[in-house]
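One structure is given here, and the rest of the page talks about it.
The values are calculated or read from the model by the stated rules, or taken from the named source; none is laboratory data. Quick caveat: nothing in here was measured; it's all calculated off a predicted structure. For neighbour counting, all protein chains shown are included, and Cβ atoms are generated from backbone atoms with ideal geometry for every residue, glycine included. Keep in mind that these areas ignore ligands, DNA and RNA; they rest on the heavy atoms of the full protein, side chains included. Shrake-Rupley method; radii C 1.70, N 1.55, O 1.52, S 1.80 Å.
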2 protein chains.
Amino acid sequence: MGVTKTEIFTEQQNRIADLAKAFSHPARVAILQLLISRKACVCGDLVDELELAQATVSQHLKELKRIGIIHGEINPPRVCYCINPVVWSEAQKTFGSLLDTFAPTESCCN
Amino acid sequence: MGVTKTEIFTEQQNRIADLAKAFSHPARVAILQLLISRKACVCGDLVDELELAQATVSQHLKELKRIGIIHGEINPPRVCYCINPVVWSEAQKTFGSLLDTFAPTESCCN
DNA sequence: GTAGTCAATCGTAAAGATACGATAGAATTT
DNA sequence: AAATTCTATCGTATCTTTACGATTGACTAC
């Protein structure tokens, strides 16, 4: 997305943004939900469930792997994708504490 | 981002993706954190804190308003931006339940 | 070995995102 | 009224994202 000026933000802010990217596309949300519901999955199955081309699904999986929230193991004859529990719990903590810094009952400027 | 095929996903998946977009850029994370820490804020102040041009900050604010997570009221001589408590608690619930659908202790395919 | 399957990668088109300078609009201050 | 202040919007350059067909590489099955 154009050029993000990563260097002017804190490491925490950049990490939050990166983790949020995992959820910022409906296809990735769908993939994560599928992986969770099945405990394990392969790309071929995912292509059947999502109405997206194999190359597109693979690209989304690559992005999720870059973020670290899933990992894929070559487990012939298939590749086995799973949620990475470490990064998932990082996401739980990160979004949990971020979302808790504001209590919706607080009155603001209105 | 190219053309997202919104129509092939559920409404819930699209909403999650949209809410996640609020947090998927470090500048927007920084803006939200500033709004929270001050309870109320204006664009001018934000421009001073972030090393971004006024037009850029305004653009991020517009995106946050589109998502609904903040709202701005013209309150001369300033515009007062606040977190929208309704959407914020929607985000709390949405991410909370999504992240809770997977328990990191579960063993997966490894 | 040959054919078939599965997934990653390449190449590419189209569209969205990011950033900024410049301008415009609305209100206050002088 | 003129100058000032603040923010939204316009216009634009550049980079990223999304999506897909085609190809490649690796393994399985025949």
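Would you be able to tell me the number of residues in segment B:72-91 that are modelled with pLDDT of 90 or more and open to solvent by less than 50 Å² (accessible area, probe 1.4 Å)?
From segment B:72-91, those modelled with pLDDT of 90 or more are B:81-91; that's our starting set.
Checking which are open to solvent by less than 50 Å² (accessible area, probe 1.4 Å) leaves us with B:81-85, B:87-89, B:91.
Going through segment B:72-91 one residue at a time, the tally reaches 9.
Restricting attention to segment B:1-32, and to residues there that are more than 12 Å from DNA strand C (Cβ to nearest atom) and facing another protein chain (nearest Cβ under 7 Å), which single residue is surrounded by the most Cβ atoms within 10 Å (Cβ to Cβ)? Outline the logic, then answer.
Within segment B:1-32, the subset more than 12 Å from DNA strand C (Cβ to nearest atom) is B:7-16, B:19, B:32.
From what's left, facing another protein chain (nearest Cβ under 7 Å): B:8-9, B:13-14, B:16.
Working: B:I8: 14, B:F9: 21, B:Q13: 20, B:N14: 17, B:I16: 25.
Filtering segment B:1-32 for residues that are more than 12 Å from DNA strand C (Cβ to nearest atom) and facing another protein chain (nearest Cβ under 7 Å), the one surrounded by the most Cβ atoms within 10 Å (Cβ to Cβ) comes out as B:I16.
Which is within 30 Å of A:V57 (Cα to Cα) and at pLDDT below 95, of B:K5, B:K39, B:K21?
Details: B:K39 fails: within 30 Å of A:V57 (Cα to Cα); B:K21 fails: at pLDDT below 95.
Going through B:K5, B:K39, B:K21 in turn, just one is within 30 Å of A:V57 (Cα to Cα) and at pLDDT below 95: B:K5.
Residues to consider are A:L46, A:L35, A:L64; find the one that is within 14 Å of DNA strand C (Cβ to nearest atom), farther than 24 Å from B:G2 by Cα and crowded, with 21+ Cβ neighbours inside 10 Å.
Details: A:L46 fails: farther than 24 Å from B:G2 by Cα; A:L64 fails: farther than 24 Å from B:G2 by Cα.
When all the criteria are applied, what remains is A:L35.
Assess whether B:Q59 counts as being exposed (fewer than 14 other Cβ atoms within 10 Å of the Cβ), more than 7 Å from chain A (Cβ to nearest Cβ) and in contact with a helix residue (DSSP H, G or I) (Cβ under 6 Å, 6 or more places away or on another chain).
Working: exposed (fewer than 14 other Cβ atoms within 10 Å of the Cβ): yes; more than 7 Å from chain A (Cβ to nearest Cβ): yes; in contact with a helix residue (DSSP H, G or I) (Cβ under 6 Å, 6 or more places away or on another chain): no.
Against the criterion (exposed (fewer than 14 other Cβ atoms within 10 Å of the Cβ), more than 7 Å from chain A (Cβ to nearest Cβ) and in contact with a helix residue (DSSP H, G or I) (Cβ under 6 Å, 6 or more places away or on another chain)), B:Q59 does not qualify.
Can you pull out the residues in segment B:62-71 that are modelled with pLDDT of 95 or more and more than 9 Å from the chain's Cα centre (by Cα)?
Residues satisfying the conditions are B:K62, B:R66.
Quickly run through segment B:52-69 and pick out the residues that are farther than 16 Å from B:I16 by Cα and more than 10 Å from DNA strand D (Cβ to nearest atom).
Answer for segment B:52-69, where residues must be farther than 16 Å from B:I16 by Cα and more than 10 Å from DNA strand D (Cβ to nearest atom): just B:L52.
Does A:L98 meet the test of being more than 17 Å from A:K21 (Cβ to Cβ) and at pLDDT 95 or above?
On the way: more than 17 Å from A:K21 (Cβ to Cβ): no; at pLDDT 95 or above: yes.
No: the conditions fail for A:L98.
Residue by residue through segment B:19-46, note down the ones that are within 18 Å of the chain's Cα centre (by Cα) and within 12 Å of DNA strand D (Cβ to nearest atom).
We begin by selecting, within segment B:19-46, every residue within 18 Å of the chain's Cα centre (by Cα); these are B:19-43, B:46.
Once the filter is applied, which keeps residues that are within 18 Å of the chain's Cα centre (by Cα) and within 12 Å of DNA strand D (Cβ to nearest atom), segment B:19-46 yields B:A20, B:K21, B:S24, B:H25, B:I31, B:A40, B:C41, B:V42, B:C43, B:L46.
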